[in-house]
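I have placed the structure first, in the form of structure tokens, so that the comments after it can refer back to it.
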Amino acid sequence: MSEPSGPEALVRDVLQGLAEGRFVPGQRLVEPDLMARYSLGRSTVREGLGRLAAAGIVAQTPHRGAQIRLLTRRAALDVLRVTEQLLGLAARQAAEAVAAGASATPLIEAAGEYDTADPTERPRARARYYRALTQLAGNAEIERLLPLLQVHLIRAQLRLSRPPEGGTRAALVRAVSAGDPVAAEAAARRHIAALISLLPAIPDSAFAPQS
């Protein structure tokens, strides 16, 4: 596999840094600091920031530069509601594919790697797990849309408030492996629904002010 380009390497590290706590919502991304950190030229850094902005991860403001977005409470709720629907559909279609003869082995293996990954590898293991799920589902629109949601930001903002997801992930994998679309969709949506239920109790300081 070829090494990622300079802009892509920056994008990947910012996303992984959000998952690990090295970057946080609301943090400014100063071009000279990024140039020194990644040994990249200014134009390459700007291209990387532009990709993050296009993905909704970074906000770029004239005279203020780039800043990792801090979602409002309403924006976080909207992202989670859409994620709940898409993830539920992915799980349902993955189970339907297994019922029609597809193999759940790649998903089972990816889930096992996710369960045993150390903290530095968890973001990559999580990405492999969700990629295995969407590929098994075979829905190109889900594969295109799911990564565009700002779930990275919500994970970072709610880092201390997130419920554990191991139980729901195991239930999802079991249901998909059994070719049970109804149970698979329910398991996929359960964890997101738990996050949604937590939002009202989370302090306002965790969110951007509602304009």
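Structure values in brief
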{"quantity": "Among the candidates 17, 50, residue that is open to solvent by less than 40 Å² (accessible area, probe 1.4 Å) and in contact with a Phe, Trp or Tyr (Cβ under 6 Å, 6 or more places away or on another chain)", "calculated": "17"}
{"quantity": "Matching entry among 182, 176 (being open to solvent by 50 Å² or more (accessible area, probe 1.4 Å) and in contact (Cβ under 8 Å) with a residue 60 or more places away in the chain)", "calculated": "182"}
{"quantity": "Close pairs (7 angstrom Cβ cut-off, 6 or more residues apart or separate chains): more than 15 Å from residue 137 (Cβ to Cβ) in the stretch 100-118, of a type in the set (Lys, Arg) anywhere", "calculated": "113/128; 114/126"}
{"quantity": "Residues of the stretch 20-40 satisfying the condition of being without any contact (Cβ under 8 Å) to a residue 24 or more places away in the chain and either crowded, with 17+ Cβ neighbours inside 10 Å or more than 22 Å from the chain's Cα centre (by Cα) (or both)", "calculated": "32, 33, 35, 36, 37, 39"}
{"quantity": "The listed residue being farther than 23 Å from residue 198 by Cα and assigned to a strand (DSSP E or B), out of 59, 53, 36", "calculated": "59"}
{"quantity": "Subset tally (residues that are in contact with a Ser or Thr (Cβ under 7 Å, 6 or more places away or on another chain) and either free of Cβ contacts under 8 Å to residues at least 12 places away in the same chain or open to solvent by less than 20 Å² (accessible area, probe 1.4 Å) (or both)) for the stretch 67-99", "calculated": "1"}
{"quantity": "Options 159, 155, 124, 128: the member that is out of contact with any Phe, Trp or Tyr (no Cβ under 6 Å at 6 or more places or on another chain), within 28 Å of residue 73 (Cβ to Cβ), assigned to a helix (DSSP H, G or I) and open to solvent by 30 Å² or more (accessible area, probe 1.4 Å)", "calculated": "155"}
{"quantity": "Residues (of a type in the set (Gly, Ala, Ser) and either part of a loop (DSSP other than H, G, I, E, B) or under 18 Å from the mean Cα position of the chain (by Cα) (or both)) located in the stretch 165-205", "calculated": "166, 178, 179, 187, 188, 193, 194"}
{"quantity": "Odd one out for residue 136 among (1) of a type outside the set (Phe, Trp, Tyr); (2) modelled with pLDDT under 95; (3) part of a helix (DSSP H, G or I)", "calculated": "(2)"}
{"quantity": "Condition broken by residue 166, with the remaining ones in (1) modelled with pLDDT of 85 or more; (2) small (Gly, Ala, Ser); (3) in contact with an Asp or Glu (Cβ under 9 Å, 6 or more places away or on another chain) satisfied", "calculated": "(1)"}
{"quantity": "Filtered residues of the stretch 73-108 (kept if farther than 30 Å from residue 208 by Cα and of a type in the set (Lys, Arg))", "calculated": "92"}
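The values are calculated or read from the model by the stated rules, or taken from the named source; none is laboratory data. What you see is a predicted model, and the numbers here were worked out from it, not measured in a lab. Cβ coordinates were reconstructed from backbone atoms using ideal geometry, including for glycine residues, and neighbour counts include every protein chain displayed. Just the protein is used for accessible areas: all its heavy atoms, side chains included, with ligands, DNA and RNA removed. Shrake-Rupley method; radii C 1.70, N 1.55, O 1.52, S 1.80 Å.
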